[in-house]
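Written out below as structure tokens is the structure these notes cover.
The values are calculated or read from the model by the stated rules, or taken from the named source; none is laboratory data. It should be emphasised that the depicted structure is a prediction, and the values quoted were computed from it without experimental measurement. Glycine gets a Cβ as well: all are built from the backbone with ideal geometry, and neighbour counts include every protein chain shown. Keep in mind that these areas ignore ligands, DNA and RNA; they rest on the heavy atoms of the full protein, side chains included. Shrake-Rupley method; radii C 1.70, N 1.55, O 1.52, S 1.80 Å.
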Amino acid sequence: MTIPTIPFGSTGHGSTRCIFGGTALSRASQEEADRTLEVLLQYGINHIDTAAGYGDSELRIGPWMRRHRDRFFLATKTGERSADGARAQLERSLRRLQVDHVDMIQLHSLTEPDEWQQALAGGGALEALIRARDEGLTRYIGITGHGVTVARSHLEALERHPFDAVLLPLNYPMHQIPEYAADFERLHGECRRRGVAVQTIKAIARRRWTGSARPHPTWYEPLAGQPEIDAAVHWVLAHDGVFLNTAGDMRLLPRILAAAARFPATTTTAATAAAKYDTAAGKALANRQVQPLFTAAQNVI
């Protein structure tokens, strides 16, 4: 089974609705990474999203790029906030990924207001990324973030620069926060109007860890059963035009991709589909004690 593609914003690339989240490879061996690639090829995944801050992820993806560069839209991120720091980190990422350019470089996890201002101001990271794009080191520029205020922050960022993509959390429990849901819908609508790709993360998040036992490498407790993963994944994909970035656990990757491959093609409106899966997700997750990862009091990881 393959996962359908849709336009990735205005880039001209048709990306699979599931994007491989490279954070899953942060502590992987090369052998484990190579096995993961086979899973991606099995489902036709053609878009990889990694980051300089994802441990060994870029190093593990690099050997794949020697063999399969033309099969993937390759995106990475910089967590640096200054122009010089961002440029140096991008050049390091290119070496680690064994490529002469990436398809997209993103400002990573802009949540704190002071970092946001620094990165987008003169002499900030965005300045370096624009220069890198002009030099052919990247084709597109995106912005990512977490927390309950991120959708609002992304809207402000789009007024400062015409980013090609945004990335932020979207899952059933977070959408039960009225302010977050309203902000997300405003951002989603504005991105559709501007032709900006909307990438979403934390689809299968259950809650923050509550005990010392942590059987998954994710910083949050994920849903692990296939029925719950199906409900969570289908709920996200019911939002028209959004992309779902997979979770940071290689063992859960096949379950996420299987769920996405089973998402039914529908001619109904996005609103009808979302309402349908809202009900399904609510029933499936009702006894799983799902909780929002972020609140006003917990706005960071």
>> So for region 117-125 (the condition being in contact (Cβ under 8 Å) with a residue 24 or more places away in the chain and within 18 Å of His13 (Cβ to Cβ)), does at least one residue qualify?
In response: no
> Considering only residues of region 95-110 that are of a type in the set (S, T, N, Q) and buried (at least 19 other Cβ atoms within 10 Å of the Cβ), which is farthest from Gly145 (Cα to Cα)?
Replying inline: Gln106
> Which of the residues spanning region 1-49 are out of contact with any Lys or Arg (no Cβ under 9 Å at 6 or more places or on another chain) and among the acidic types (Asp, Glu)?
Replying inline: Glu31, Glu38
> What are the pairs, 6+ residues apart or on separate chains, where a residue within region 163-189 that is over 17 Å from Asp240 (Cβ atoms) and of a type in the set (Val, Ile, Thr) has its Cβ under 9 Å from a residue that is modelled with pLDDT of 95 or more and assigned to a strand (DSSP E or B)?
Replying inline: none
> Failed condition for Ala157, given (1) assigned to a helix (DSSP H, G or I); (2) open to solvent by 20 Å² or more (accessible area, probe 1.4 Å); (3) modelled with pLDDT of 95 or more, with all others met?
Replying inline: (2)
> For region 58-82, how many residues are over 17 Å from Ser109 (Cα atoms) and either of a type in the set (Val, Ile, Thr) or over 14 Å from the mean Cα position of the chain (by Cα) (or both)?
Replying inline: 15
>> Which count do you get for residues in region 217-237 that are touching a residue at least 40 places away in the same chain (Cβ under 8 Å) and not acidic (Asp, Glu)?
In response: 11
>> All but one of (1) more than 13 Å from Thr138 (Cα to Cα); (2) of a type in the set (Lys, Arg); (3) in contact with a helix residue (DSSP H, G or I) (Cβ under 6 Å, 6 or more places away or on another chain); (4) surrounded by fewer than 23 Cβ atoms within 10 Å (Cβ to Cβ) hold for Arg92; state the number of the condition that does not hold.
In response: (3)
> Has region 247-262 got at least one residue that is at pLDDT below 95 and surrounded by fewer than 16 Cβ atoms within 10 Å (Cβ to Cβ)?
Replying inline: yes
> Looking only at region 184-197, which residues are surrounded by 20 or more Cβ atoms within 10 Å (Cβ to Cβ) and farther than 13 Å from Ala157 by Cβ?
Replying inline: Phe184, His188, Ala197
> Out of curiosity, is Ala52 over 30 Å from Arg262 (Cβ atoms) and free of Cβ contacts under 8 Å to residues at least 12 places away in the same chain?
Replying inline: no
>> Which residue is farthest from Gly22 (Cα to Cα), if the candidates are limited to region 70-86 and must be open to solvent by less than 50 Å² (accessible area, probe 1.4 Å) and among the charged types (D, E, K, R)?
In response: Arg81
> Across region 127-148, what is the total count of residues that are open to solvent by less than 20 Å² (accessible area, probe 1.4 Å) and of a type in the set (A, V, I, L, M)?
Replying inline: 5
>> Quick check on my filter: what residues within region 132-154 are among the acidic types (Asp, Glu) and not in a helix (DSSP H, G or I)?
In response: Glu135
>> Please verify whether Ala151 is of a type in the set (Gly, Ala, Ser), more than 28 Å from Arg60 (Cβ to Cβ) and buried (at least 24 other Cβ atoms within 10 Å of the Cβ), treating the condition exactly as stated.
In response: yes
> Out of all the residues in region 65-96, which are assigned to a helix (DSSP H, G or I), in contact (Cβ under 8 Å) with a residue 40 or more places away in the chain and closer than 26 Å to Gly14 by Cβ?
Replying inline: Leu90, Ser93, Leu94
